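Comments concern the structure below.
The values are calculated or read from the model by the stated rules, or taken from the named source; none is laboratory data. What you are looking at is a predicted structure, and each value in this text was computed from that prediction instead of being measured. Positions of Cβ are generated from backbone atoms using ideal geometry, with glycine treated the same way; all protein chains shown enter the neighbour counts.
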Amino acid sequence: MAGRLIVVSNRIPTDDNVSGGLMVALHDALGYSGGIWIGAHSETSENTDDIVDLGGTAYRKLAFRLTDEELQNYYLGYANSVLWPLCHRRGDLVEMNSDYQAAYRRVNARVARILSQVIQPDDIVWVHDYHFLPLGAEMRRLGVTNRVGFFLHVPFPSLGDLSVLSQPQEFAADLASYNLIGLQTRADVARCLEMYRADPRAEFMNDGSIKFLDRITSVRSFPIGIDTKGFALEAQQNEQPFGKQAPETFLIGVDRLDYSKGLPNRFKGFAAYLQRRPDGSQPCLVQIAPPTREKVRAYQDITRELEEIAGHVNGSFAELDWTPLRYIHRSVPRARLARLYRKARACLVTSLADGMNLVAKEYVAAQDPEDPGVLILSRFAGAAEDMTQAVLINPYDIEDIARAIDVALAMPLAERKARNAALLQVVEATDVSVWSQNFLRVLKACPADFDFAPFF
Ligand code: ADP
């Protein structure tokens, strides 16, 4: 009998909230397979024994509770003020704090206990992202021998960056508790292997897997994608995405308001382009950026910084009938977003570090193949590893961003069509259904822990 799939991730989606690549992708993936999804409840509670069954049709959802202290120290603290900046090459923003570390370990141990109570012998478990690095180790401690896979949605940190952690050797040991470590890109895999090569506890097997203190772990890349056809269909709806004030020529940016997305440089690059644009042209940058993690200081800082730059750009360039930068701090329904992408002449992705960047894939999928727009893509987004037909940029170089906008807006139709067709092939090849099937196929083929259990 085929076992069930148990997925663990930080958030469980609700119909009215689709922001965040992880949530969108997992919702689609679980729709295909069915099973149980375990995630954090959106409301805190001091009663952590309270496991909320959220029901569900295609799959069942169980929500565990975080206390206020855990929300602060585990979620905003260790996950988003230590691991997030660490993985996004911002060691300068890491806030070391022993309470963060303790809460992180405690929450993971609790989720492991919940899992051990619902798991059946044939189930496989798929753990998602940096909130749960030690979950596999905690499950093993409770005697779980099922196949457990882990997927890291964010970039894998370099060996140098890892030394920011107070116990970097724990990072390698925790990950080695999984049968399969899935990463976004080949570059991420290289960094992960570099970490194990530097660790005397790790031994490399002939097939490339790693033996770490008597357990075997495989490391592979599985570039995540989107529901390509579904997204393209939404983009083809005729409804006008703007109200009365539709700009004639516009570029689009869509991001959570995060310091990893390179938004200040994007705005400055757009301003540099405006300086030298052809006479009479009045292009707009429509930037949609809903705030996230607003209680974390670094996010308050970036919000303020962007407001200042946006005010400066509009103050310098706006005319009575033209606002060059339309900066919107809200989430936009997916269907409307898809139509906006299709109307935009170019999409700007300027991440300074990004696991994949699904916006790049959504933009390509949404285009009209007869008159497509141009994707401007940061070399530091995971998506750039395969989406080489985008106009690739160095997001640290403001002039390079301005040049790329110039190239994109002037690009002849034949070149736009050729680039978009090539990019669409990449997007289709990494469709979210392909991604989840590939990961689960490889996980099922991994030797399970009980294959190595000693005989007595
Ligand atoms: P991240 O996971 O870091 O947020 P991604 O680009 O991989 O970055 O994924 C972002 C996802 O969230 C995409 O599916 C995108 O459409 C969605 N999203 C981002 N901003 C908005 C917004 N303002 N309104 C609606 N959806 C958004």
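Before we move on, is Thr185 hydroxyl-bearing (Ser, Thr, Tyr), surrounded by fewer than 20 Cβ atoms within 10 Å (Cβ to Cβ) and assigned by the TED database to the domain that holds Ile38?
In short, no.
So the check is Cβ under 8 Å with 6+ separation or different chains; which pairs have a first residue in the range 120-132 that's in a loop (DSSP other than H, G, I, E, B) and a second one that's of a type in the set (A, V, I, L, M)?
Close Cβ pairs (under 8 Å, with a partner that is of a type in the set (A, V, I, L, M)) amount to Asp122/Met1; Asp122/Ala2; Asp123/Leu5; Asp123/Ile6; Asp129/Leu22; Asp129/Leu152; Asp129/Val154.
Name, by its number, the condition in (1) more than 17 Å from Val427 (Cβ to Cβ); (2) more than 8 Å from the ligand (Cβ to nearest atom) that does not hold for Pro333.
Pro333 satisfies every listed condition except (2).
Exactly one condition in (1) of a type in the set (A, V, I, L, M); (2) under 25 Å from the mean Cα position of the chain (by Cα); (3) farther than 25 Å from Asp301 by Cβ is false for Ile119; which is it?
Against the list (1) of a type in the set (A, V, I, L, M); (2) under 25 Å from the mean Cα position of the chain (by Cα); (3) farther than 25 Å from Asp301 by Cβ, Ile119 comes up short only on (2).
If the requirement is being surrounded by 24 or more Cβ atoms within 10 Å (Cβ to Cβ) and touching a residue at least 12 places away in the same chain (Cβ under 8 Å), which of these qualifies: Lys343, Lys361?
Only one candidate qualifies: Lys361.
How many residues are within 29 Å of Asp400 (Cα to Cα) and either within 12 Å of the ligand (Cβ to nearest atom) or modelled with pLDDT of 90 or more (or both) when one looks only at the range 219-269?
25
So which residues in the range 359-392 are within 16 Å of the ligand (Cβ to nearest atom) and either part of a strand (DSSP E or B) or over 24 Å from the mean Cα position of the chain (by Cα) (or both), if there are any at all?
Scanning the range 359-392 gives Leu375, Ile376, Leu377, Ser378, Ala381.
Kindly evaluate Ala421 against the criterion of being hydrophobic (A, V, I, L, M, F, W, C), farther than 26 Å from Pro264 by Cβ, within 11 Å of the ligand (Cβ to nearest atom) and in a helix (DSSP H, G or I).
No: the conditions fail for Ala421.
Out of all the residues in the range 289-309, is one or more assigned by the TED database to the domain that holds Ser378, in contact (Cβ under 8 Å) with a residue 40 or more places away in the chain and within 27 Å of Asp368 (Cα to Cα)?
Yes, the conditions are met somewhere in the range 289-309.
I want to confirm something. Restricting to the range 94-107 and keeping residues that are of a type in the set (A, V, I, L, M, F, W, C) and surrounded by fewer than 19 Cβ atoms within 10 Å (Cβ to Cβ), which single residue is nearest to the chain's Cα centre (by Cα)?
Val94
Answer yes or no as to whether Thr350 is in contact with a Gly (Cβ under 7 Å, 6 or more places away or on another chain), more than 10 Å from the ligand (Cβ to nearest atom), touching a residue at least 24 places away in the same chain (Cβ under 8 Å) and among the polar types (S, T, N, Q).
So Thr350 passes the test.
Can you say whether Asp227 is buried (at least 18 other Cβ atoms within 10 Å of the Cβ) and among the acidic types (Asp, Glu), as far as the supplied structure shows?
Against the criterion (buried (at least 18 other Cβ atoms within 10 Å of the Cβ) and among the acidic types (Asp, Glu)), Asp227 qualifies.
Check Val219, Val189, Val154, Val164 and return the single one that is touching a residue at least 24 places away in the same chain (Cβ under 8 Å), part of a loop (DSSP other than H, G, I, E, B) and in contact with a strand residue (DSSP E or B) (Cβ under 9 Å, 6 or more places away or on another chain).
Val154
Output the qualifying pairs, or none if there are none: Cβ atoms under 9 angstrom, residues six or more apart or on different chains, first residue in the range 376-387 and on the phi > 0 side of the Ramachandran plot, second residue at pLDDT below 95 and of a type outside the set (A, V, I, L, M).
Matching pairs, first to second residue: none at all.
Out of Phe267, Phe250, I need the residue that is of a type outside the set (S, T, N, Q), out of contact with any helix residue (DSSP H, G or I) (no Cβ under 6 Å at 6 or more places or on another chain) and closer than 19 Å to Phe317 by Cβ. Which one?
Phe250
Can you tell me which residue within the range 192-207, out of those that are outside any strand (DSSP E or B) and in contact with a strand residue (DSSP E or B) (Cβ under 7 Å, 6 or more places away or on another chain), is surrounded by the fewest Cβ atoms within 10 Å (Cβ to Cβ)?
Only one residue tops the list, namely Met205.
Going by what's in this entry, would Ile328 be described as within 15 Å of the ligand (Cβ to nearest atom), modelled with pLDDT of 95 or more and not assigned by the TED database to the domain that holds Ser221?
no
Restricting attention to the range 287-309, does a residue exist that is more than 10 Å from the ligand (Cβ to nearest atom), touching a strand residue (DSSP E or B) at 6+ places or on another chain (Cβ under 6 Å) and within 13 Å of Leu251 (Cβ to Cβ)?
no
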